């Protein structure tokens, strides 16, 4: 399994979330607390949008995040209002850059924690359903990248939530045809550079942990003396597999079988309902 | 494009062919003379059968062969009567271990120099034709590995030459459907640990270079004082993309559109005729 | 810190100790129980002597051992009567092959778990004491490799135990000059291909864990039905940072401040007494 | 040997010089024309100063530059008014990140093409002369990094040219004591983020090639229709091991045994005279 972090808000150095918090994402690469695996050392990735716009940029490596000098350098110089970061614990597919998250399509980024169960059994049927024009873009061998391309096939760019619901419905249906119990386990974050969507779902309704940060205005009221909270904008939101710091009231679990939309104005939580494409 | 070397004969240290000759395979990784590219630095691989039998063993790396300390160590200790070695110059697919040759299926090894032209355009149709039971074994993203799995699908283990002819015929036919001129360019070596097959073919009949070593008995008669030639058995045969040493009469070009079988008893050359599966 | 394993006895496949035991060295790379760190993912190495003799061979990688396909391949084909294996958790020096254990000098291999405390402060004085003829052989930047070259300088090849005692005495003396409390923490294994020496020592007398396997004859008497024990020779001995399997009576802690010699005939335990060179 | 590029001028995307020119630095990594080696595939590095100031940032990798996806990503997003880029062809020291250029000390960057001849013979004497406070900062094993630390020891930050002259004088003197003919071969670029110094020197006065770009105002007069030249500021200067494009009059060789200073106002060329520290 993996751990991930998605950030949207005032531009900050990657450093502030990847390295500085007590239980930062880099710390989680060595000692995850809430994951199935304590070690997430099978590669990592960061995808960010620059402060002055432009397409998302990827930096992905195959070694453990904790010992990568380039990641540390970049984290101290790259500032971004919107980024995804991921540390990988392979569920069987090889450790190679094309299997590192986030995955990218145009302005879109996608990352995933979890698995399609018995993936090698169902992979062919899933890949066949990918739009043939998108097919050549599948560069690696993970379930996560196939999920992304299925969601793109099913309309991600037009109706993001419905497309992910169709993707999951389809994977569950193919899984059932192959006798797979509980085909899908996932937390997902995706973004087009403007809005961000997060999903928490599993066929067995026991999904991997996922937390979002309490609204900054609420936190400021709770902690009037906290300087970090004064610096960030009201719109700032962090979504993480595991809380980064222990601060009472700072983290809310994303409810089972639900999705969130982080956007200008009020964010939104909804129920996630897989459907057939 | 790439360079490769296939050896069958008296067990020798890998070292003797990978490092020691003046224009060894490792030297070719830095300065190929007859290839489309002079540098073959996008990964490498060796697959060998141990002297005491057993399944083939793979050692494949993503860095350049010339600077890999582990390859040098192993080459000085691994002795084998039958091995394939490959240095890669990517034609576009990523540099990752799952894209390094040789590829393996059970007791079979396969390696390739060349390309399926416009591979990303035809890949989906080719992959769909792979036996669904073999499909999950495709670990990387190269044309070469797809060619291997198509040949396996078309009966490689029963009738090796015919299966490769069907594979090429099929790739040419799919290529033509997509308007690809000259779909196939290849030199291939494959083996089941007993016999070895080599192929030289391209749709345009201008195939990459390929040479086999002259029969040892002939060479001994030509060079009665050469000590290296006295040490090796009569059955020894080397097939290479480029000659390893300059020794007049030592290397014969594999003819255009042909295949060779290296086996106990007399080796055999035949005409390669693509067919439809 | 790190974990290591040293084996001497009937030739076995590396596989048997690196992968197969329930708490194998590879498992320890992900979940060490007795170490300071639970994750040992900063590179790995194996050094072995072939069954038919010859100098030791090294295979060392910079990624985590648990995901290295080449290590898995080699472990299934390399058989050895004497080998050292190491998984690294860096104490600050870079993750690079020249920092991976074992280190080699001629027929000698050396590996270490622990640290010279405040190494960067004392490094220059230590390196200056290395025999100038050995100095160019220091390829990496670890404390462990400097310890090895100091021991070589102080007579390792003539009087192995005394040389290591002098090395430790010297490091402690230099450390004290620089105000370092408890300069040395170590478990070490070294071998010349015939005998093997192991050391457990720390300046504060709270050394990292180290265990040796009970004599095979004793174990056989305790477990007359155990098939694994019937296959191995009486001379077989394993020394490990952590027990590989839970078998009551199978593992004995190496006493604090002591060394062991594993050799033909009776093995030997002695008290380790640092001295000044 | 290696190839390098140093840029000072209007902020530009790294891309513009690393990838886009016909004979770009990345192209030189595969097919250098003027170097001792045609292939520079033993690692690479870029060090840049951000547009908004701050300390220099490093991105260095151990694979070949031509196949590194992260370098390509960064080159398309990092804009800088002052950067150094280097592709390495090892002269014997290992391929590891700590051996990749540029090297950094505080705000200073340093990169080198060439060698200290018989480095392993003279290394100890050279390293001993490094200021003991700087000694722990030597992270790798190259001659180039030792040269940098010697120059720092001899006053680089106060009198840059004199410090490099002392460094070379010292290396030549130590080399001569060890019977080394022609101890130094170098082209060097260094910068403190404000000014840039380049050096071309060798003990035998046959130094590696080095070119600087003609003043932009001159080039504009020569090529009034060239759009690229209209976009860049008058202060822009590029120094390279090999010309990036063929444009008559665009490149001037740095004279043998000389140095250049690139700075606000008029740049400067001077004679390089090794001296004893």
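Below is a table of values for the structure above.
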| read-out | value |
| --- | --- |
| Hits in region A:117-143 - residues which are crowded, with 20+ Cβ neighbours inside 10 Å and either modelled with pLDDT under 95 or more than 10 Å from chain B (Cβ to nearest Cβ) (or both) | A:117, A:126, A:142, A:143 |
| Residues (in contact with a strand residue (DSSP E or B) (Cβ under 8 Å, 6 or more places away or on another chain) and over 23 Å from residue B:172 (Cα atoms)) located in region B:242-268 | B:242, B:243, B:244, B:250, B:251, B:252, B:253, B:261, B:262, B:263, B:267, B:268 |
| Residue check, residue C:85 surrounded by 22 or more Cβ atoms within 10 Å (Cβ to Cβ) and either within 11 Å of another protein chain (Cβ to nearest Cβ) or part of a strand (DSSP E or B) (or both) | yes |
| Tally, over region B:38-59, of residues that are touching a helix residue (DSSP H, G or I) at 6+ places or on another chain (Cβ under 8 Å), crowded, with 24+ Cβ neighbours inside 10 Å and away from chain D (no Cβ under 14 Å) | 2 |
| Hits in region C:154-169 (condition: farther than 12 Å from residue C:276 by Cβ, in contact (Cβ under 8 Å) with a residue 40 or more places away in the chain and either touching a strand residue (DSSP E or B) at 6+ places or on another chain (Cβ under 6 Å) or in a helix (DSSP H, G or I) (or both)) | C:161, C:164 |
| Test: residue in region D:170-179 that is without any contact (Cβ under 8 Å) to a residue 40 or more places away in the chain, surrounded by 15 or more Cβ atoms within 10 Å (Cβ to Cβ) and assigned to a loop (DSSP other than H, G, I, E, B) | no |
| Output for region A:64-73, where each listed residue is in contact with a strand residue (DSSP E or B) (Cβ under 8 Å, 6 or more places away or on another chain) and either within 7 Å of another protein chain (Cβ to nearest Cβ) or over 20 Å from residue D:53 (Cα atoms) (or both) | A:64, A:65, A:68, A:69, A:70, A:73 |
| Residues located in region C:44-63, provided they are part of a loop (DSSP other than H, G, I, E, B) and in contact with a strand residue (DSSP E or B) (Cβ under 6 Å, 6 or more places away or on another chain) | C:51, C:56 |
| The lone exception for residue D:211 - which of (1) within 26 Å of residue D:126 (Cα to Cα); (2) in contact (Cβ under 8 Å) with a residue 40 or more places away in the chain it fails | (1) |
| Odd one out for residue D:89, checked against (1) modelled with pLDDT of 95 or more; (2) closer than 30 Å to residue C:136 by Cβ | (1) |
| Residues satisfying the stated conditions in region A:120-140, i.e. in a helix (DSSP H, G or I) and closer than 20 Å to residue A:92 by Cβ | A:120, A:121, A:122, A:123, A:124, A:125, A:126, A:127 |
| Residue tally, condition buried (at least 20 other Cβ atoms within 10 Å of the Cβ) and assigned to a loop (DSSP other than H, G, I, E, B), over region C:95-111 | 5 |
| So residue A:146, is it at pLDDT 95 or above, out of contact with any strand residue (DSSP E or B) (no Cβ under 6 Å at 6 or more places or on another chain), part of a loop (DSSP other than H, G, I, E, B) and closer than 22 Å to residue B:120 by Cβ | no |
| Criterion (surrounded by fewer than 24 Cβ atoms within 10 Å (Cβ to Cβ), on the phi > 0 side of the Ramachandran plot and within 14 Å of chain A (Cβ to nearest Cβ)) met by exactly one of B:92, B:114, B:9 | B:92 |
| Selected residue (only one of D:33, D:22 is at pLDDT below 90 and over 22 Å from residue D:199 (Cα atoms)) | D:22 |
| Test: residue in region D:24-35 that is within 14 Å of chain B (Cβ to nearest Cβ), within 30 Å of residue C:138 (Cα to Cα) and surrounded by fewer than 19 Cβ atoms within 10 Å (Cβ to Cβ) | no |
| Condition met for residue D:26 (out of contact with any strand residue (DSSP E or B) (no Cβ under 6 Å at 6 or more places or on another chain), part of a strand (DSSP E or B) and more than 26 Å from residue B:72 (Cα to Cα)) | no |
| Every residue from region C:239-269 that is touching a helix residue (DSSP H, G or I) at 6+ places or on another chain (Cβ under 7 Å), surrounded by 14 or more Cβ atoms within 10 Å (Cβ to Cβ) and either on the phi > 0 side of the Ramachandran plot or at pLDDT 95 or above (or both) | C:259 |
| Members of region A:14-23 that are touching a helix residue (DSSP H, G or I) at 6+ places or on another chain (Cβ under 7 Å) and surrounded by fewer than 20 Cβ atoms within 10 Å (Cβ to Cβ) | A:15, A:19 |
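The values are calculated or read from the model by the stated rules, or taken from the named source; none is laboratory data. Owing to the predicted nature of the structure, the values given are computational and were not obtained by experimental measurement. Cβ atoms come from the backbone with ideal geometry, glycine included; neighbour counts cover every protein chain shown.
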